[in-house]
Amino acid sequence: MATSRRSKVTRPYIVFVVVMFLLMIFPLYGLANHVFPLVLGLPFGLFWVILLELIAFVALCFFYRYEYGNGGEHE
Amino acid sequence: MNNWVFALGSMLVYLVLAFVIGLMAGRKRSFWSVSEYAVADRGLGLIVIWFMMGGTVFSAFSFLGGPGMAFSQGAASYFVPAYIALGILPWYLLGPKVGRIGARKNFFTMGDFLGDRYQSKALTVIVGVISVLAFIQYLTLQIKGMAFIFNILTDGVIPYWFGALLAYGIVVAYVATSGVRGAAWSDVLQGALMLIVAWTVGYYLVYTLQGSPTEMFTAIDQAKPGFLTIGQDGSPMSAMAYSTVILVSALGFLMWPHLFTKSYTTTEKRIKITTMAFPLFGIFLVPVLFVGFAAIGVVAPDALESSDEILPHLVTNYLGANSWLYGLIGAGALAAAMSSSDAITHGGSVSLGRDVILPFKPDMSERTQVWIMRAGVVVIGAAAYWLSIFGAAGIIALLVGAYGSIAQFVPAVYGALIWRRGTKQGAIAGMVVGIGVNYYYQIVAESTPLDINAGIVGLLCNIVVFVAVSLMTRPVPATLANEYADA
């Protein structure tokens, strides 16, 4: 089961990684390259980096859950 | 009680704990097995792996270079959380592949992996030598950090050479005796400690010196327009330099050979869970940058010899009364430096034994191999110690410099996994050219074309040469190439 799901995941995962890279560097990072508005006390440019990290974490959780189910079974 | 006595006391307590945990970890394990020493018989648990990998991220950089970079270069320092989040992402796909191939073929290092795929002992040795050099360079920086923290927090009572010897000596002792288990278990203590310290100290400094994060960043932007952005008037870094330093650091992140070794320590599922946790490490680094930002407008830039000294400077000059914080920072900073050092020292010793020495004498017994690796810990340790006491260079330059060469493994490694046509000659030629170009732009040339990071210029040349030479030379056997590409 894991094998077929693994191969299905590969392509979307590569797209996800490329998008993450592009959002972190210029020209797209230019969208976030401001000091204001401050969010949670952070300059917007830094908040953007943190936000993307949170998104990456959540996305990874979804990928993992898709491949292995609810994590009920043990290795 | 004097602050320095308190600091010394807590650092010593911490050192004893780290030492005991490191030594205990290797008890009742087979002392003479390469598999146990290098990859803990491929059976480390999740939390331990997580802390071991996290520990490598939180190095001396967290308490010295990171705050220094925020203080002196503002928004340029955002590149650190950015590349840490990105760097690990490809590992979710690559890690299990590498782990599967490694388990099947009984690999321990990246040199094993590349040498087998490209059928070249020379490649194994090149990768081994560069890895060991990069490891030593990286260690030098950690040892300097430890020595510096000891020296400044004890008011100079513990001299530079002795602080380094004490803290790093302990690392060498538990790595040599307990192998990867020693490194991993002491990292759990060290990781927990430095996370607590980083957050406490970061926020404490912001609230004491600047009122609140909002007030702080507003004030900085008023005093230094452009300092908190990239590529504008008054910005510390151009858009191209910023983007390419993120790219080279993120790509190079996976090429640290000890990561390969670690993927052989665990299962596929655990590799994926480890990857999941990584973007969070980037978030944990934010308070580290806060330390540097909190000093802006408080400390005059010329009050420091080097911006790396900003945290110790703040501690000794602005936190006079609080000896608890003093002790915490001492222990936390040592933990950060030591948790990277143990993993890197271990990785270096495995690379030295397996990639550099074994190819010249392939019939070595397992006992001799383990003996060489354990002795390698001491040899690498001594070299790094010597360099850090007598050599000199800025922390950041050293880190980026080591990364520059390591990132040149990218084409060969990715090529092994996705391109069946890559050949030995192509991989070697690409690597040699990439490393040469990188060194030229880092050391000889004044600047790079378009302000592109030296490592990326090297990488572009590397890829062109790798592909061109591969297409002109004879491919490796199809079954072998397929085994890697389809793993």
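Laboratory data are not the source of any read-out in this text; all were calculated from the coordinates shown. Not measured: the values here are computed from a predicted model. Here the Cβ positions follow ideal geometry from the backbone for every residue, glycine too, while neighbour counts run over all protein chains shown.
Table for the structure above
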item: Cβ-based charge dipole, chain B, positive-most Cα from B:PRO213, B:ALA147, B:SER470; result: B:SER470
item: With at most 15 neighbouring Cβ atoms within 10 Å, loop GluC sites (Glu not before Pro) (DSSP) excluded, longest segment of chain B; result: B:1-304
item: Over segment A:2-68, relative contact order from alpha-carbon pairs under 8 Å, at least 6 apart, %; result: 36
item: Per-residue [θ]222 nm for the protein assembly as shown (sum of -39500 (n - 2.57) over DSSP H runs n ≥ 4, rounded to 500); result: -24000 deg cm²/dmol
item: Cβ neighbours within 10 Å from other chains - mean over A:17-29; result: 5
item: Fewest-first ranking of B:HIS313, A:HIS34, B:HIS258, B:HIS346, using other Cβ atoms within 10 Å as the exposure measure; result: A:HIS34, B:HIS313, B:HIS258, B:HIS346
item: Under 20 Å from the Cα of B:LYS144 - aspartates and glutamates, other chains or at least 8 residues apart; result: B:ASP155, B:ASP187, B:GLU305, B:ASP308, B:GLU309, B:ASP342
item: Surface/4 estimate of mean projected area, convex hull on alpha-carbon atoms of the protein assembly as shown, nm²; result: 24.8
item: Segment B:200-275, relative contact order in percent, only Cα pairs under 8 angstrom and at least six apart counted; result: 10
item: Two-decimal log10 I(q)/I(0) for segment B:3-392, as the Debye equation yields it once each C-alpha is a single scatterer, q = 0.06, 0.11, 0.14 Å⁻¹; result: -0.23, -0.77, -1.19
item: Pairwise Cα inverse-distance average, inverted: Kirkwood Rh of segment B:325-473 (Å); result: 18.1
item: Candidate lysines for bridging to B:LYS105, where Cα separation is under 24 Å - those fewer than 8 sequence places away on the same chain excluded; result: B:LYS97, B:LYS121, B:LYS262, B:LYS269, B:LYS272, B:LYS361, B:LYS424
item: Debye log10 I(q)/I(0) at q = 0.20 Å⁻¹ for segment A:2-68, Cα point scatterers; result: -0.81
item: Length-normalised contact order of chain B in % [C-alpha pairs under 8 Å, at least 6 apart]; result: 31
item: Cα centre as origin, Lys/Arg/Asp/Glu Cβ charges: the protein assembly as shown dipole, Debye; result: 2060
